[in-house]
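The values are calculated or read from the model by the stated rules, or taken from the named source; none is laboratory data. Note that the structure is predicted; figures quoted are calculated from it, not measured. Cβ coordinates were reconstructed from backbone atoms using ideal geometry, including for glycine residues, and neighbour counts include every protein chain displayed. Quick note on the areas: whole protein, heavy atoms, side chains included, nothing else; ligands and nucleic acids left out. Shrake-Rupley method; radii C 1.70, N 1.55, O 1.52, S 1.80 Å.
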Amino acid sequence: MDEIEFRKQAERKKDEFISIASHELKTPLTSVKGYVQLLERSIDKGDVPTLKKHLAKAQVQLEKLNELITDLLDISKIESGKLKFNKRPFIIDDMLDSVIEIIHQSNPEFKLLKTGSVKREICGDEMRIEQVVINFLTNAIKYSPGTSEVHITVEDRGESVYVGVRDFGIGIDEELQKNVFEKFYRVEETAIHFQGLGIGLYISAEIIKRHGGEVGVKSIPGEGSEFYFNIPFNATSEKD
C-alpha cells in the first residue's frame, strides 16, 4: 500500500471513529435528558419511589458518558505524548482482588474465578494497570452473552508477571486478532451488536507498552478469548 492510500485509509478510519464517537456520546446524553424530564413529572406527583428509579437510571447513563469521555481524553493524551504515569511499588494481587470485587458487584450473575497468586511487589502505575484489568474484564463480560464465568490467571514468571482474562464468549477470528489493539479498530461482526468506541484495547496496549510489557490475545471463534499482558516486576524500562 502506497503512502497516499495509507493516509486516505487512516483518514477514513478517523472520520468513521468521529461519527461513531458522536453517536455513542449522544445516546447516553439523550437518555439522561429523558430521565430528567421524567424526574420533573415525578416531583410534581410527589412519587418518591419512581423518582429514585429514574435517578438511578440517569446515573448509569451519566457513568457511561463519563467512561466515553475519559477514553477520548486518554486517546488525545496518547496522541500528544501527555499520558502521565505515576509509578510506585504495589501488590498486583491486592489490586486484582479489589477489581474482581467491584466488577462482581455490578455483574453478580458472573462468576469471576482467579487462579494463581503473586505477592511480590511490582513497580508501576497501579491506577493505569487497574484500568487495563477493568477493560479486559468488562469486555469479557460484554462479549460473552449467555455465559456465566470469567477466569483470571496471575503468574509470577521470574522477571515478569502474567495476567490473563479468559471468557467463554463469541471469540475472535484469527485474521482479526492482530488488529484488536489498533486505534479506532472494532471487530466488525460485533460492532453492530455491542456499544463502545473500540479504543479501550488501544489505550490498554499503550499503558502496558509504557510499562515495558506486552499485550496479546488468544482466541478460538465460538469458544472464547483470553486477553493477557506481561509486565516486568520493575517496570521502568520506558520513560514516563
Exposed-site-free run, longest, the chain (rule: trypsin sites (Lys or Arg not before Pro); DSSP loop; at most 15 other C-beta within 10 Å)
1-81
Taking GluC sites (Glu not before Pro) as exposed when DSSP calls them loop (any state but H, G, I, E, B) and at most 15 other Cβ atoms lie within 10 Å, what is the longest stretch of the chain free of them, the sites themselves excluded?
1-108
List, in order, the whole-Hz ³J(HN,Hα) value for each residue of region 31-42 obtained from phi through the Karplus relation with A = 6.51, B = -1.76, C = 1.60 and θ = phi - 60°; use x for Gly and Pro.
4, 4, 4, x, 5, 5, 5, 5, 4, 4, 5, 5
Between helix 48-79 and the chain: long-axis angle, C-alpha atoms, 0 to 90°, nearest 10:
40 degrees
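Evaluate the charge dipole of the chain about its Cα centre and quote only its size in Debye, nearest 20, assuming +1 on the Cβ of each Lys and Arg and -1 on the Cβ of each Asp and Glu.
With only Lys, Arg, Asp and Glu charged at Cβ, the dipole is about 760 debye.
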Tell me which residues come under 5 Å, amide H to amide H, from residue 161 once H is placed; ignore anything under 5 positions away on its chain.
231, 233
Would you compute, from DSSP H runs of 4+ residues alone, the mean residue ellipticity of the chain at 222 nm, taking -39500 (n - 2.57) per run and dividing by the full residue count, rounded to the nearest 500?
-17500 deg cm²/dmol
In whole percent, how big is the carbon plus sulfur part of the accessible area of the chain, probe 1.4 Å, protein atoms only?
54 percent
Measuring from centroid to centroid over Cα atoms, what is the spacing of region 96-168 and region 1-37 in Å?
29 Å
Would you please state which residues of region 10-33 a label at residue 47 would reach in this model, taking the label point 7 Å out along Cα→Cβ and a backbone N cut-off of under 20 Å?
31-33
Hey, which aspartates and glutamates would be in cross-link range of residue 26, C-alpha to C-alpha under 18 Å, not counting anything within fewer than 8 residues on its own chain?
15, 16, 63, 67, 71
In the set (1) 33; (2) 50; (3) 23, which value of percent of Cα pairs over 30 Å apart was calculated from the structure you see?
(1)
Just the number please: accessible area per residue for the chain, 1.4 Å probe, all protein chains included, in Å².
58 Å²
Step through the table entries 8/33; 13/218; 77/111; 33/183; 52/183; 8/84, compare each Cα-Cα distance with 29 Å, and write down the pairs that go over it.
8/33; 77/111; 33/183; 52/183; 8/84
Starting from the 7 Å offset along Cα-to-Cβ, what nm value, one decimal, do you get for the label separation of residue 218 and residue 121?
3.2 nm
